[in-house]
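The values are calculated or read from the model by the stated rules, or taken from the named source; none is laboratory data. Nothing here was measured: the structure is a model prediction, and the numbers come from that model. Cβ placement follows ideal geometry from the backbone for every residue including glycine, while neighbour counts extend to all protein chains displayed.
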């Protein structure tokens with residue numbers, strides 16, 4: 001697979017498409033650990049070496065799973081994980097403090113079975129914690145050799161600028177797809193101005209852009225998408241009409257809708273590396289084939305016309321208070 005470089009001042013080379021591992025532990029219904037590990041191994045065979053996890057996915061289970069999958073193969077992997085979302089007896093909260101980052105990294109290193117993390121993200125930001133304090137602590141972890149690169153997730157353009165004034169930020173992970181294009185107005189231009197690479201998560205719209213979901217009926221009872229506004233009632237009906245347009249374009253191009261959606265995103269610049277998530281080998285192989293698709297200018301224009309900015313109906317989360325701060 002082709003590689004891309006994230007970040008200007010502290011660059012990191014990654015595979016053009018990464019693998020989001022979150023669903024291997026929770027959120028998207030039942031998972032099969034053996035199949036998940038086989039999926040990670042197949043990803044490495046195909047040159048997809050950029051693996052994404054977090055200490056909150058499965059309350060640490062996901063990092064442990066990834067650690068087992070890459071045991072003995074650590075030098076083949078660009079390993080990214082995150083801190084900042086905390087689950088405890090009182091529920092879920094955000095702790096983006098530097099002190100928490102220094103505690104959390106030790107747990108992640110242990111669960112992953114490694115002595116360093118290539119890319120360490122602040123998963124979410126508590127607005128009461130100055131971003132300067134958080135990034136300063138992360139830069140100390142870089143100097144200590146525990147992490148190689150600093151990442152942020154779901155922050156505003158202003159927060160990103162303040163962070164970059166403290167230390168080089170290699171990557172910004174935010175939701176970006178044909179279903180979620182809000183970052184294109186301010187956040188993407190700011191990242192490019194600052195030399196920060198982009199890591200789009202949910203690049204196939206939480207699975208909606210696959211064309212496989214016409215209702216909630218096929219989702220497990222504990223699938224978190226059941227609570228997403230975009231999959232409810234009139235929102236879902238409107239969004240399925242958008243998916244139908246993408247399916248027509250994909251059929252004309254001779255590819256699947258998910259492949260066209262990923263190829264469109266890859267065409268948005270060479271400073272980004274999407275991380276589509278899957279827990280099954282067959283979907284992994286379908287996703288990774290998108291890296292070889294060249295879309296024409298006419299095809300790109302048709303896609304933009306079919307799914308323009310603001311076309312999707314409904315918020316992406318039931319509670320939007322913890323994103324883009």
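Tell me, which residue of region 9-30 that is more than 15 Å from the chain's Cα centre (by Cα) and closer than 24 Å to residue 139 by Cα is surrounded by the most Cβ atoms within 10 Å (Cβ to Cβ)?
12
Based on what the data block shows, is residue 5 assigned to a strand (DSSP E or B), at pLDDT 95 or above and surrounded by fewer than 18 Cβ atoms within 10 Å (Cβ to Cβ)?
yes
Working only within region 63-82, note down all residues that are part of a helix (DSSP H, G or I) and either touching a strand residue (DSSP E or B) at 6+ places or on another chain (Cβ under 6 Å) or buried (at least 16 other Cβ atoms within 10 Å of the Cβ) (or both).
Selection gives 63, 64, 65, 66, 67, 69.
With the requirement that a residue be outside any loop (DSSP other than H, G, I, E, B), farther than 24 Å from residue 6 by Cα and touching a helix residue (DSSP H, G or I) at 6+ places or on another chain (Cβ under 6 Å), what does region 254-285 give you?
257, 281
It is to be established whether one or more residues within region 83-94 are in contact with a helix residue (DSSP H, G or I) (Cβ under 7 Å, 6 or more places away or on another chain) and in a helix (DSSP H, G or I).
Within region 83-94, none of the residues are in contact with a helix residue (DSSP H, G or I) (Cβ under 7 Å, 6 or more places away or on another chain) and in a helix (DSSP H, G or I).
Output the number of residues of region 18-62 satisfying the condition of being touching a strand residue (DSSP E or B) at 6+ places or on another chain (Cβ under 6 Å), modelled with pLDDT of 95 or more and assigned to a helix (DSSP H, G or I).
Adding up the residues that qualify gives 1.
Find the residue count for region 106-142, including only residues that are within 15 Å of residue 64 (Cα to Cα), without any contact (Cβ under 8 Å) to a residue 40 or more places away in the chain, out of contact with any strand residue (DSSP E or B) (no Cβ under 9 Å at 6 or more places or on another chain) and not in a helix (DSSP H, G or I).
Residues flagged as within 15 Å of residue 64 (Cα to Cα), without any contact (Cβ under 8 Å) to a residue 40 or more places away in the chain, out of contact with any strand residue (DSSP E or B) (no Cβ under 9 Å at 6 or more places or on another chain) and not in a helix (DSSP H, G or I) within region 106-142 amount to 1.
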